[in-house]
Amino acid sequence: MPQPTPAPPPPEHVAIIMDGNGRWATNRGWPRLVGHRKGAERVKQIVSAAPEMGIKWLTVYAFSTENWKRSTEEVLGIMSIFARYIQREADRLASEGVRLRFIGDRSRLDPKLQRLMSGIEERTAGFSRLNLTVAINYGGRDEILRAARALAQEVADGRLAPCDITEAAMAERLDTRGIPDPDLIIRTSGETRTSNFLVWQAAYGEYEFTSTLWPDFSPDELAAILVRFGNRQRRFGGVTPK
């Protein structure tokens, strides 16, 4: 009897552009911040489900460098949600073996929030069941620019030769150093833009766009997307053998 075809391996690293919180609330006649709070609850569900799906690394786009253009009320509300999430979820993340870290430029964030971020990173540094990365005040171009400036400074100081600027050298100076590139990038809400997310890292990532607004994005939908991902052929510039 023919042997059953083994299931394709799940992506090791899934990155998600969590879009649609505000629209989800507006569609129901509620303030936009209600949608952001609901979105934070959805993060908890996806984080809990991800390891059982074989996902080892999960990166979520929470606040971009462009999101400062929103109203002061909304920005302050989102930052408050971040702080509450860190405070309330620290014990649960630790109990579930989740390591949490943040990427993005922290210099513009409130010092109290920065301390909370550093604290939970230190507390969960020893865990590895799931590596959760949250992008706050993050932009792919900004990240590359900061890395390029760091390399330029090292060259100016005589600590690095221009010929030693390699892809590996650049990657080591990005916010994501030590984190593997994403295999799969998902964007919710029906938008089909990459929105300056992981510009360098997603060069060979597979994309999936769904019309589901983030507060409605369920573990079941994530599982269905992983099945579709498993049916894709990733050639990385090569040719599939006949």
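The values are calculated or read from the model by the stated rules, or taken from the named source; none is laboratory data. Just so you know, these numbers come straight off a predicted model, no measurement behind them. So basically every Cβ, Gly included, is an ideal-geometry build from the backbone, and we count neighbours across all protein chains shown.
Points to keep in mind about this one:
- Matching residues, region 100-121, being buried (at least 19 other Cβ atoms within 10 Å of the Cβ) and touching a Lys or Arg at 6+ places or on another chain (Cβ under 8 Å): Met117
- Unique match (being polar (S, T, N, Q) and free of Cβ contacts under 8 Å to residues at least 24 places away in the same chain) among Ser48, Ser80: Ser80
- From the options Ala135, Ala203, Ala161, residue that is at pLDDT 95 or above, farther than 25 Å from Pro51 by Cα and small (Gly, Ala, Ser): Ala161
- Tabulated pairs, region 169-183, first over 13 Å from Glu143 (Cβ atoms), second surrounded by fewer than 17 Cβ atoms within 10 Å (Cβ to Cβ) and among the hydrophobic types (A, V, I, L, M, F, W, C), C-beta under 8 angstrom, 6+ apart or interchain: Ala169/Leu160; Asp181/Ala203
- Residues of region 131-171 that are surrounded by 13 or more Cβ atoms within 10 Å (Cβ to Cβ) and within 28 Å of Arg42 (Cα to Cα): Asn131, Leu132, Thr133, Val134, Ala135, Ile136, Asn137, Tyr138, Gly139, Gly140, Asp142, Glu143.
- Sole residue being part of a strand (DSSP E or B), of a type in the set (Val, Ile, Thr) and either over 18 Å from Ala15 (Cα atoms) or within 19 Å of the chain's Cα centre (by Cα) (or both), chosen from Val47, Val60, Val75: Val60
- Within region 93-120, residues that are closer than 17 Å to Val43 by Cα reach partners that are exposed (fewer than 14 other Cβ atoms within 10 Å of the Cβ) and not small (Gly, Ala, Ser) with beta carbons closer than 6 Å, at six or more positions or on different chains, in the pairs Gly97/Arg129.
- Residue in region 52-60 that is surrounded by 20 or more Cβ atoms within 10 Å (Cβ to Cβ), closer than 30 Å to Arg173 by Cβ, of a type in the set (Phe, Trp, Tyr) and modelled with pLDDT of 95 or more present: yes
- Here Ser95 fits the description: hydroxyl-bearing (Ser, Thr, Tyr) and farther than 17 Å from Thr176 by Cα.
- The number of residues in region 35-44 being over 13 Å from the mean Cα position of the chain (by Cα) and among the hydrophobic types (A, V, I, L, M, F, W, C) comes to 1.
- The condition of being modelled with pLDDT of 95 or more, exposed (fewer than 12 other Cβ atoms within 10 Å of the Cβ) and part of a loop (DSSP other than H, G, I, E, B) holds for only one of Thr192, Thr240, that being Thr192.
- Unique match (being closer than 22 Å to Gly39 by Cα and modelled with pLDDT of 95 or more) among Arg115, Arg101, Arg123, Arg149: Arg101
- Scan of region 45-66 for residues that are in contact with a helix residue (DSSP H, G or I) (Cβ under 7 Å, 6 or more places away or on another chain) and of a type outside the set (Gly, Ala, Ser), ordered by number: Gln45, Ile46, Met53, Leu58, Val60, Phe63, Thr65
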